[in-house]
There are 4 protein chains.
Amino acid sequence: MAMKFKPKIGIGLIGSGFMGRCHANAFTAVSGLFDLPGLPVKIILADATGEIAQKGARTLGFPRFTSDWRVLIDDPAVDIVAITAPNIYHEPMALAAIAAGKTVYCEKPLSITAASALKMTQAAEAAGVVTMVGFNFLRNPMVRMARELIVANDIGKITGFRGRHAENYMCSPNVPHSFRTDPQGGGAITDLGSHIISMARYLLGPISRTNAISETIHRTRPVHLGSVDRAPVLVDDMTHALLEFESGVKGSIEANWSATGRTMDLSFEVTGTKGAIQFSQERMNELLVYSGLGGFRRIEAGPSHPPYGNFCPAVGHHLGFNDLKIIEVAQLIETHVAGGTCFSDFREAYEVQKVIEAMQLSASDREGALIAI
Amino acid sequence: MAMKFKPKIGIGLIGSGFMGRCHANAFTAVSGLFDLPGLPVKIILADATGEIAQKGARTLGFPRFTSDWRVLIDDPAVDIVAITAPNIYHEPMALAAIAAGKTVYCEKPLSITAASALKMTQAAEAAGVVTMVGFNFLRNPMVRMARELIVANDIGKITGFRGRHAENYMCSPNVPHSFRTDPQGGGAITDLGSHIISMARYLLGPISRTNAISETIHRTRPVHLGSVDRAPVLVDDMTHALLEFESGVKGSIEANWSATGRTMDLSFEVTGTKGAIQFSQERMNELLVYSGLGGFRRIEAGPSHPPYGNFCPAVGHHLGFNDLKIIEVAQLIETHVAGGTCFSDFREAYEVQKVIEAMQLSASDREGALIAI
Amino acid sequence: MAMKFKPKIGIGLIGSGFMGRCHANAFTAVSGLFDLPGLPVKIILADATGEIAQKGARTLGFPRFTSDWRVLIDDPAVDIVAITAPNIYHEPMALAAIAAGKTVYCEKPLSITAASALKMTQAAEAAGVVTMVGFNFLRNPMVRMARELIVANDIGKITGFRGRHAENYMCSPNVPHSFRTDPQGGGAITDLGSHIISMARYLLGPISRTNAISETIHRTRPVHLGSVDRAPVLVDDMTHALLEFESGVKGSIEANWSATGRTMDLSFEVTGTKGAIQFSQERMNELLVYSGLGGFRRIEAGPSHPPYGNFCPAVGHHLGFNDLKIIEVAQLIETHVAGGTCFSDFREAYEVQKVIEAMQLSASDREGALIAI
Amino acid sequence: MAMKFKPKIGIGLIGSGFMGRCHANAFTAVSGLFDLPGLPVKIILADATGEIAQKGARTLGFPRFTSDWRVLIDDPAVDIVAITAPNIYHEPMALAAIAAGKTVYCEKPLSITAASALKMTQAAEAAGVVTMVGFNFLRNPMVRMARELIVANDIGKITGFRGRHAENYMCSPNVPHSFRTDPQGGGAITDLGSHIISMARYLLGPISRTNAISETIHRTRPVHLGSVDRAPVLVDDMTHALLEFESGVKGSIEANWSATGRTMDLSFEVTGTKGAIQFSQERMNELLVYSGLGGFRRIEAGPSHPPYGNFCPAVGHHLGFNDLKIIEVAQLIETHVAGGTCFSDFREAYEVQKVIEAMQLSASDREGALIAI
């Protein structure tokens, strides 16, 4: 079915910062790459002020704008509400959108606490609306391949997991306070740990227990950029945690936003009785697979790893970060039309947040208590 | 300036195959990523038959279509003619577009012979129209960084060059004949050699002499896919060539489309008196740079490598192949509005073709004659 | 001073298995590579029976042999007693050698329990004899370089540690019971964990607390090779542990002898406020160092990393595993002549064993208790 | 058979510099690692003066010394003459040793011209003595594995070869003249090209034609270290060459001793119809093998790659450069006792030298003539 005869799906976007722009571009590009059951059409953009919203609408190609996100949610032309506002607003926006019967596409983390995330999840499930949370790294075809190898028993019974998400954007003691360092919903374990925890769950299922140890490397930070006034930091810069999955598999993860020299080490090694898999987002188009004698093979992304073929016709051409967001949006559109749930919905995001809070609880206890999840 | 108030630039696209789709998607996405002086608008798509053209137009989002590319060129709403038709048609299409005063964006190779490419170049220069040829790999920010390091003398006086473009898509003796194996304009040295030659010229300037040696690994191929009838192959599967640049720098290249195990080894090592640079498109977001004691550094693509920052806000997020085409289209739009020439225009593509023909001539001579270019 | 005029140092070797052979070859080769203050001379070899000892002596170049290791220790020509016997014998042999005033060179682990290791340590310190334990991986010039960078503050204040020793030699459920699976002194955490713990201590100093989680992947193993009778396994196949160093630095390690696909991933990443260092024994001649802008540099082993220059005159030539043992033996000879202590002596090995036992204790507690060391 | 009851084989070593020391250490170590049919015993060392020879003998463990290499050759206790003297002396020394019926072990290059090498080869063959030339990089078990995969047709019919030996030791214009820059027997193509040419022949057999292009990057060098007087350089710093093997396989090589940033890039890629092999001496314990779907596998050196098992009992332990020399010496001892020829004997070294001279001839011709070998 050709693009122009497809049913239109109205998009309302809240927020026009980096992630808002990323959403807008993905909604623009997706129809040229995926043969979807509907055509996303940009309807309205909301942001904090009329001025910001107007500028965002013009830059990102929305015909209308508003400074009141409730107007956007109530707009009858809007079918999908995409939320890229600060984390603190996720709950009221999502609850309003759910109440209006809209599909809700929310950036991670779902909310600032697990309790809030649960409330949102229960509301969505009661209303029967489609939800999706933007764990974009899970959309990588090579990560999908890793999961399929595991599920198909290609590497045998799983015996261990070692994961990490390490970046360097908070290395400097002069990076100021922001939502990232807010005691409610902040810290490396929330900002980056959420990615490796969602990855671990995607690959190996629910996590049932954890012990964690955290460090706040820079104990104070400027109250705002360039300020000489510094305020204490109450969240972690780095957390190491032991894990046990419900399946009994054990392992560990690290979340670290002060990892000097590391830009995107969202990485894992999954070990099984017959094989093993290594991956790092630093080389997102490669999967290292061991499946018998002779060393790890470097598998390059290609058309045999869906939906890579929607982007490039042959192996050796690479996907980029923005392509992951396009894949995510394609899944969202498909689920919006078909109904049901997709990975990862609000409930999944709530489960991730429960693990984060268990790690925070364990790390805050000098006795290093084991926490059941 | 916001997207919706920019002057519109009408796009006419000839061809709706893989590369046509790639063009269409790039024209769609570019405005959300680059703040350009004009807004590309899809006007009309031409393809071999009305049926194909209609399907292409609907799928790729063009409001009109035609089976007669001359209609497209003559359409007053069309400002840029994008040519992704078979190589044999490049000359008549480009000449007609030039005659109509349109900007011409043509896929590589520019034409099937250097003589034809020269004719097209001279016509464009006489008419003063903007031209661009789709050497997309040159748009990679890491390749641009390599060139800037060279130009800035960061690795000193250049002393050597070693390049290669090796892929595996013709490995099987059962890949049939196609335009790729056409004695006019075919062979690995044309299909892949053009990329590494254009890369060498981009980095180090004009090439003045060459000796080459070629091999046709599979001497016959099926006349079409699945056919038991086989016809002789008259082009190379692999060429190795010695080079001398006008600057006096010497080196070698390889072009190989039967390189078992290789998917995109478009790679080079440039050596200078003070440093060296390594790159392979197999890891297109990395540049290995040596600049003094202590080993090669792995530089990851990031906002300090323009125009990466138009796509992603931080290092560690990656560009993909399709992003290179978007960068190319951005340069095209900028040049279309500003006038003048951009890298790589028709003349540049003609120079590449001259090098290819010199290599073919040398390789066809059992005495391995040195050929001046 | 030339080799032949140096004072002779008599070597008595207990054990002629793999590690005994490794010792013998290192004592043979060391004089040609290092200008040492004494010339090691092979005196006598002891093994379990006269037949084995005789065969070992002939193969390894010892003029005399014995089936009674006490004879070896009492031999007045023996200055250094090298112990490569099963772990269970380390204590009585070392105590006897200490009592006889000999220098003692013992393979790791020092003994089967920390209590036994402490007894040996106290005896050696009371007697004032030189001791050394064979933590050969610490002798790698690139590991030494890592330590020197840390000590010199080149990577700033240390903020995190992530270590691992993963191999695959116990992957198969049909690898039988042996000293490795003995509840006293066995398990992956002892066999491999000792290496990464000693490495962590070498790089960052004493460890003060730990939590650990362990898994026994194969719950039974054959009682001996090829047997159909299987007995329960009471030691770990894999342990993940959280660490805190006395300095306050936090991190984690993994020890795993069932790591399918891994042959020698004795690896670490040390992160500091100004830089970071990565190493894996899988590429033992390389150190990846980040020290500012521009990505990790791959430093190759060379003469600027002592004592590499004793082996090879230029960078690019590599050291091998056996060379590490030669470096260890060179340090042993130097300390034997000069007196005093060398890294790693009995006390250091005892400290490693204390950490291992703390991890075992934590892992055995389903509450995952934090253990102070 | 135990070491001490084996027949003794007397070693006479000419030269006590780096390579002499390397020989001496290999003769010392080999008996502890290989079960050879004879026991090498150091007899006498010769060097330029009595003083140097005496010092060398003491340091390297030879009981006797001489300043007259003819005395060494005539010594009846000497069975093997090892020549590590400057290249200019190889011919007279080898001819004298051959005349005396001794086994001759000569460092590469065999001599300064192909004509001289042929004379030496013919003399050795007429006398029926065992000869060996020190192409140590060919002794690497991973290179041997590469050859075995090729011979066993594991990667199918060979279709291409790309080789290189690039180092950086002549990068500085202040590295002075030496035997390396002697017009007779010097240049990068001799010093390093000999390694990659011998490697190419080892893997794929005789080379039948070549074209080459050379560059002298530094046109003058100091007459001796630190001198302000500079003399012209008449040899190449870098050569790129096209190759055709007798089998019809085509390819190219580079020899470069001014390759900034490169320490030991003795590397190759061999492509076949069913697979491909990559290797670089910079990671000498790894072979990258492609043999069907799924990317290159990283094979790590281990006991399944003889004679690795003579050095280390398990995969993951590494061989070093000096171990390659020990393997070479083991082959020498075996051939000395068994008679016959070993790879690479004088004739093989002569064949390598013929290829070098053909490349030099082609490169010196501004017409870039094709040279048959």
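The values are calculated or read from the model by the stated rules, or taken from the named source; none is laboratory data. Being a predicted model, the structure only gives us computed values, none of them experimental. Quick reminder, even Gly has a Cβ in these numbers, built from the backbone with ideal geometry, and neighbours come from all protein chains shown. For the accessible areas, the whole protein counts, side chains as well, though only heavy atoms, and no ligand, DNA or RNA atoms are used. Shrake-Rupley method; radii C 1.70, N 1.55, O 1.52, S 1.80 Å.
Among the residues of the range D:1-18 satisfying the criterion of being in a helix (DSSP H, G or I) and open to solvent by 40 Å² or more (accessible area, probe 1.4 Å), which is modelled with the highest pLDDT?
My answer is D:18.
Which is open to solvent by less than 10 Å² (accessible area, probe 1.4 Å) and modelled with pLDDT of 95 or more, of D:134, D:186?
Unique residue meeting the criteria: D:134.
So which residues in the range D:32-47 are touching a strand residue (DSSP E or B) at 6+ places or on another chain (Cβ under 6 Å) and either surrounded by 22 or more Cβ atoms within 10 Å (Cβ to Cβ) or among the acidic types (Asp, Glu) (or both), if there are any at all?
Matches in the range D:32-47: D:40, D:44, D:45, D:46.
Please give the number of the condition residue C:76 fails out of (1) over 29 Å from residue D:310 (Cα atoms); (2) in contact (Cβ under 8 Å) with a residue 40 or more places away in the chain; (3) out of contact with any helix residue (DSSP H, G or I) (no Cβ under 6 Å at 6 or more places or on another chain).
Of the numbered conditions (1) over 29 Å from residue D:310 (Cα atoms); (2) in contact (Cβ under 8 Å) with a residue 40 or more places away in the chain; (3) out of contact with any helix residue (DSSP H, G or I) (no Cβ under 6 Å at 6 or more places or on another chain), the odd one out for residue C:76 is (2).
Could you list, in sequence order, the residues of the range C:336-373 that are charged (D, E, K, R) and part of a helix (DSSP H, G or I)?
C:347, C:348, C:351, C:354, C:357 - these are the residues of the range C:336-373 that are charged (D, E, K, R) and part of a helix (DSSP H, G or I).
Can you pull out every residue in the range A:327-373 that is farther than 28 Å from residue A:181 by Cα, within 14 Å of another protein chain (Cβ to nearest Cβ) and not β-branched (Val, Ile, Thr)?
A:330, the sole residue that qualifies.
Restricting to the range C:280-295, name every residue that is under 25 Å from residue D:317 (Cα atoms) and either within 7 Å of another protein chain (Cβ to nearest Cβ) or open to solvent by 10 Å² or more (accessible area, probe 1.4 Å) (or both).
C:280, C:282, C:283, C:284, C:285, C:286, C:288
I'd like the residue in the range C:237-258 that is of a type in the set (A, V, I, L, M) and under 13 Å from residue C:187 (Cα atoms) and, out of all such residues, is farthest from the other protein chains (Cβ to nearest Cβ).
The qualifying residue farthest from the other protein chains (Cβ to nearest Cβ) is C:255.
Output the residue which, of all residues in the range B:63-106 that are in a strand (DSSP E or B) and within 14 Å of chain A (Cβ to nearest Cβ), is surrounded by the fewest Cβ atoms within 10 Å (Cβ to Cβ).
So the residue we want is B:64.
Look through the range A:170-183, keep the residues that are surrounded by 15 or more Cβ atoms within 10 Å (Cβ to Cβ) and within 23 Å of residue A:241 (Cβ to Cβ), and return whichever of them is nearest to the chain's Cα centre (by Cα).
Step by step, filter the range A:170-183, then rank; the result is A:180.
Of the residues C:162, C:147, C:180, only one is of a type in the set (D, E, K, R), within 14 Å of another protein chain (Cβ to nearest Cβ) and in contact with a helix residue (DSSP H, G or I) (Cβ under 7 Å, 6 or more places away or on another chain); which?
Step by step, each of C:162, C:147, C:180 is checked, and only C:180 is of a type in the set (D, E, K, R), within 14 Å of another protein chain (Cβ to nearest Cβ) and in contact with a helix residue (DSSP H, G or I) (Cβ under 7 Å, 6 or more places away or on another chain).
Mind checking which residues of the range B:137-152 are open to solvent by 40 Å² or more (accessible area, probe 1.4 Å) and in contact (Cβ under 8 Å) with a residue 40 or more places away in the chain?
Of everything in the range B:137-152, those that are open to solvent by 40 Å² or more (accessible area, probe 1.4 Å) and in contact (Cβ under 8 Å) with a residue 40 or more places away in the chain turn out to be B:144, B:147.
Going through B:277, B:333, B:327, B:299 one at a time, which residue ends up being touching a Leu at 6+ places or on another chain (Cβ under 7 Å) and either outside the structural domain of residue B:184 (by TED's automatic domain parsing) or part of a loop (DSSP other than H, G, I, E, B) (or both)?
One residue alone meets the criteria, B:333.
Check residue A:234 against each of (1) touching a helix residue (DSSP H, G or I) at 6+ places or on another chain (Cβ under 9 Å); (2) crowded, with 20+ Cβ neighbours inside 10 Å; (3) of a type in the set (A, V, I, L, M, F, W, C) and name the one condition it does not meet.
(2)
Can you tell me which residue in the range A:47-91 is farthest from residue A:7 (Cα to Cα), limited to those that are modelled with pLDDT of 95 or more and of a type in the set (S, T, N, Q)?
The qualifying residue farthest from residue A:7 (Cα to Cα) is A:49.
Since residue C:351 meets every condition but one in (1) free of Cβ contacts under 8 Å to residues at least 40 places away in the same chain; (2) touching a Pro at 6+ places or on another chain (Cβ under 8 Å); (3) not aliphatic (A, V, I, L, M), which condition does it not meet?
Residue C:351 satisfies every listed condition except (1).
Scanning for something more than 14 Å from chain D (Cβ to nearest Cβ) and open to solvent by 10 Å² or more (accessible area, probe 1.4 Å), does the range C:307-326 turn up at least one residue?
no
Does at least one position in the range A:260-278 carry a residue that is modelled with pLDDT of 95 or more, farther than 19 Å from residue C:256 by Cα, open to solvent by 30 Å² or more (accessible area, probe 1.4 Å) and under 20 Å from the mean Cα position of the chain (by Cα)?
So far as the range A:260-278 goes, no, none of its residues is modelled with pLDDT of 95 or more, farther than 19 Å from residue C:256 by Cα, open to solvent by 30 Å² or more (accessible area, probe 1.4 Å) and under 20 Å from the mean Cα position of the chain (by Cα).
Would you confirm whether any residue within the range A:33-54 is in a helix (DSSP H, G or I) and among the basic types (Lys, Arg)?
No, the conditions are met nowhere in the range A:33-54.
What are the residues in the range D:260-300 that are under 15 Å from residue A:289 (Cα atoms) and touching a residue at least 12 places away in the same chain (Cβ under 8 Å), if any?
Of everything in the range D:260-300, those that are under 15 Å from residue A:289 (Cα atoms) and touching a residue at least 12 places away in the same chain (Cβ under 8 Å) turn out to be D:289, D:290, D:291, D:292, D:296, D:298, D:299, D:300.
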